[in-house]
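Before any comments, here is the structure.
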Amino acid sequence: MKINTVTGQIDADALGTTLIHEHLFTGYEGWQYDPNVSVDMEKIRHKAISRLKDLKTYGVSTFVDPCPIELGRDVSFMADVSEKSGMRIVCTTGFYFEAHGLPPYWAGRSVDDIAQLYIREIQHGIGDTGIRAGAIKCATGEPVVTELEKKFLKAASIAQKETGVPIITHTQNGFGGPEQQALFAEYGVPAHRCLIGHSCCNPHHHYHREIVDGGSYIGFDRIGNVRVVSDEIRGERMMQLIKAGFIAQLLISQDRFVAQLGNSFPLWNLPAETLKKMEAAEKDGSWPPAYTYLFTDFLPTLKKQGLTDADITQLLEENPKRFFTGEPLPAPSPR
């Protein structure tokens, strides 16, 4: 099976070590009208190339950037960074969740209109770039999925069934994964074609079990983001799933980026003191943090708890390949 990347199609066998949910940059719609914001895209480009080259030294060969359309997605920028860094990049079609996205123009369109946009971007290309999306992004907020978000999930489902590419979701602060899963089932999408993203932002094992028992991939894809859940708890919950036999359904990543366009911090509902620290860190260059944390910190910690090199290969190579190709999931194998 062929996988769409921003520099052309590749065989699934060529994916190699894959980070399933990262970003080059994001920007909430409207940032460009802020008179206090100055964005140096060449500086961002240089930093992105450098950081992806650093990531390659840890064996990573594919970087999935599921940036929603309205959060600054720039596939030509992705293609340039991919060519100059040597990192394969997979982009997505699809929009964000209602509270932080879903532009009125598309919110007012029919389900079929939205689905046809997604299908075109997958089969023919994004705008006039010729660059084709390799997956579908959709998102829901908290605490429940809104009626408008259901419309976009239904459009994503139509596009998935038409094109065969997988769905990568965003859930907000650990809410909504099982509801997403139920809606995809209602709309006729096989559970294993969906990655229920950011599930590690919910600290409860029973929540994770509900998702894997339902047959979807589960995203432990905000590793290093400790605003909601600590990495200590993430690691414990990951190892619980592995010991219960669900390693084949785990996809891991960090949801990091090189830059944000404009100042997005106020949207994150951070404590005032945390907000000040993050704004200061952004100014001195220590934030956003590097993509390599997964390899320098998180995985070595889990290896001390029993995670093996074979497990890591499964998490970062075998599982992403199976997710993209749509091969059936193996039966759970408890340890």
Only one of (1) closer than 21 Å to residue 28 by Cα; (2) within 20 Å of the chain's Cα centre (by Cα) does not apply to residue 199, and that is (1)
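Residue-by-condition table, conditions (1) among the polar types (S, T, N, Q); (2) farther than 21 Å from residue 183 by Cα; (3) free of Cβ contacts under 8 Å to residues at least 12 places away in the same chain:
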residue	(1), (2), (3)
58	no, yes, no
82	yes, yes, no
86	no, yes, no
90	no, yes, no
120	no, yes, yes
134	no, yes, no
153	no, no, no
Here the residues within the stretch 160-186 that are aliphatic (A, V, I, L, M) and within 18 Å of the chain's Cα centre (by Cα) are 165, 167, 168
Subset of the stretch 284-300, residues part of a helix (DSSP H, G or I) and exposed (fewer than 14 other Cβ atoms within 10 Å of the Cβ), comes to 284, 296, 297, 300
Checked 30, 16 against criteria (within 21 Å of the chain's Cα centre (by Cα) and either surrounded by fewer than 18 Cβ atoms within 10 Å (Cβ to Cβ) or under 26 Å from residue 223 (Cα atoms) (or both)); the one match is 16
Within the stretch 57-82, restricting to residues that are under 16 Å from residue 134 (Cβ atoms) and part of a strand (DSSP E or B), the one that is farthest from the chain's Cα centre (by Cα) is 61
Checked pairs for the stretch 62-77, first under 26 Å from residue 317 (Cα atoms), second of a type in the set (Lys, Arg), C-beta under 8 Å and 6 or more apart or across chains, list as 62/88; 63/88; 66/137; 67/73; 67/137; 68/137; 77/45
Selection over the stretch 3-44 where residues are within 17 Å of residue 86 (Cα to Cα), polar (S, T, N, Q) and out of contact with any helix residue (DSSP H, G or I) (no Cβ under 6 Å at 6 or more places or on another chain) yields a count of 3
Inside the stretch 237-265, the number of residues satisfying the requirement of being polar (S, T, N, Q) and part of a loop (DSSP other than H, G, I, E, B) is 4
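No lab work stands behind these numbers, since they all come straight from the coordinates. Computed from a predicted structure; not experimentally measured. Positions of Cβ are generated from backbone atoms using ideal geometry, with glycine treated the same way; all protein chains shown enter the neighbour counts.
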